[in-house]
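The values are calculated or read from the model by the stated rules, or taken from the named source; none is laboratory data. Since the model is a prediction, treat every value here as computed from it, not as a measurement. Here Cβ is always computed from backbone atoms with ideal geometry, including for glycine, and neighbour counts include all displayed protein chains. Areas reflect the complete protein model, heavy atoms only, side chains present, ligands, DNA and RNA absent. Shrake-Rupley method; radii C 1.70, N 1.55, O 1.52, S 1.80 Å.
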Amino acid sequence: MVFETSHGIGQKRFSPDLNRGKWEKSTDYIFACLGLGLKMDAFDFTYYVHKDMGILGVLVYFLCMVLYLVPVIAIHSFMGQFSSSGFISAFRLSPFFKGKSLQMKFRYLTYFIEILILGMGYLSVFLSLSMLTYYSIYAAIPLLFIINSFKPTLPWACEGLKSWYNESYGRSTICNQTINMEDSKFQNNTKKREIYVPSLLYFDSHYDIMLEKGFPDLNEDYELSWHFVGLFAIVWAMVALIFYEFSETAKFGKFIRYMVVVTLVLLLVCFVRFLFLPGALSWLGKYIAPKPRYWSSDAEIIFGISLRVFGAGWGSVIALSSFNGFKTNIMSYSWIICFGQTFIFILFSLISFMLEQYFKDLTEDADKTNILNLWGMTLSSASALSSLGWPNLWTFIYYTTLLMAALISITTQIFTVLQSLFDEFEELRVRKQEVTFSLIGGLSVCSVFFCSNHGISFFCAFYSKTIFLHLLLLLVVLWIYGAERLQRDILFMLGQTFASWKIYILRFIAPIYFVYCLPSEIDLALSQDSFTSAGVYLMSIILVWLPILAIPGYGIYCLAQSTGTVWDRLRRTCRPTDWYPVDLNHRQQYEEAVGNIETHQLVEVTDDIN
């Protein structure tokens, strides 16, 4: 029964938000999805494990794009566009995986208990919020360098380093490493000598914990960096101002469109400028002829990168596509989005290669020297820019680009979370402004933790683990809802079929690769969590692991609430409920297309009487 209502499984009926708005231009959806690819955490943390693949990494990315990325984006887009709802309500497609609707009650104990009964939709909210608590650091760091770029002498340049850095700390830098290499005590030492990039030391001076003391002691007290507390406050004030001015869908889409265009243009300009770093194109040979040693393991990393552009909470594309017109051609848009994200991937990768080669060329003996250029695109790049002509100007342009990229990621993620909540809860729609700024205020308070010595060292522990969600999505859409129904709905919505070869790949090939990569993803997640302090570890459990475990928990709850045999209960809880186009004309046409007018009307009348 296509139009079975939510009452049949004990949930409140879906009520569409008719005032949620649409994109001003259909291409705003493309720009918003391209903005998801501007994720500095994905590139900064994964570059060092896939750098040896060079141009082959791009080829692997293209292979991933054809094999699963384009079809998966098309499925995400279908769920949002067909249902005109965010990533919670869109799981009316299969309520077993959606989660229990939260009841906005004044009995806080009851509210707290119910919020733990989660499904895939609510898990996306939790993962998105966990990402947003730390991601403001990717806006605060560029802001730090932008503010200091107005100084006549850059403090991370070799000339400016002398004014604040005490060489008695015993740390060699790229500014004095030639002299220090003559120190005899390192001549016969088999361990590589460590040389620091000045901009990395400058960043560390605002925390005074990462390089001088190493990773924080688990028994060490938390210490705040008040410099970054101020920077975080500025970042969240900018985010609040954006939502104050561009809260409506059409205005927000226009804002993201211009932001993404300007960011990509500036990124391309900075890329061209980096080509003129000392050493010029010395990186090109390594990039074109990469080492084969780590090809197998690095290919898995690129696989992960291609998935993470969906956003930290995985459901961003579903929410963004829900603002499309019902007939928007998501098939061609999926290809455009993937090629655009590949372009961003290539630009970031090439900039990383150029920076790494630049720093390697600064040392006389690369085999005995290790230049610490952590977070190459966000931290170490400042020292590279200081060696160019007009360094203040280029530092300002480059870090403005990174700041805009971070603001795009933050605001887009908040926008999708908010709209998903408004779609699911009618009570919140009349208080949109209060909910919006309460959420921003809450996130800004939580983000202060990452201004501390523990937070800045371990914020990677909150890096989202989302591969298994894609695996579940394929199960829900292609096996439970069914490939035939999917093809029927896409044919009705777009007037074109969803190719059978894409169905075959998503049903059989992509899941095999997902399962193959899942153990390494879990191992990476556990290894990240194992090196954290007790507080961070507890937050990771609450924000990530408990919501993940709640998915099967809610499934068991649904089966217990239903009646009949186990198989009957499973079928009843997995059937789509209230699954139809929101627009009345499209809905009526859809009823006629599936030949279910009388059944649906009968169900509606019965529900109204009850």
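Structure data summary
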| quantity | calculated |
| --- | --- |
| Label point distance in nm, Ile346-Ser163, each placed 7 Å from Cα along Cα→Cβ | 4.1 |
| Distance-filtered residues of the range 396-425 - backbone nitrogen under 15 Å, label point 7 angstrom along Val269 Cα→Cβ | 396-405 |
| Sequence-distant residues sharing a close amide H with Ser172 (under 5 Å, placed H) | Tyr196 |
| Under the Karplus curve 6.51 cos²θ - 1.76 cosθ + 1.60, θ = phi - 60°, whole-Hz ³J(HN,Hα) for the range 20-29, x wherever Gly or Pro sits | 6, x, 9, 5, 5, 10, 4, 6, 4, 5 |
| Amide proton proximity set for Ser452, modelled H, under 5 Å, gap of 5+ | Ser225 |
| Greater than 25 Å apart at Cα, pairs in Lys254/Lys327; Lys151/Lys286; Lys25/Lys502; Lys162/Lys286; Lys151/Lys360; Lys151/Lys254 | Lys151/Lys286; Lys25/Lys502; Lys162/Lys286; Lys151/Lys360; Lys151/Lys254 |
| Nearest-0.05 FRET efficiency for Ser332 and Val262, computed from C-beta distance (R0 22 Å) | 0.35 |
| Long-range HN-HN contacts of Gly21 with modeled amide H, under 5 Å | none |
| Solvent-accessible surface ranking, highest first, for Ser128, Ser26 at 1.4 angstrom | Ser26, Ser128 |
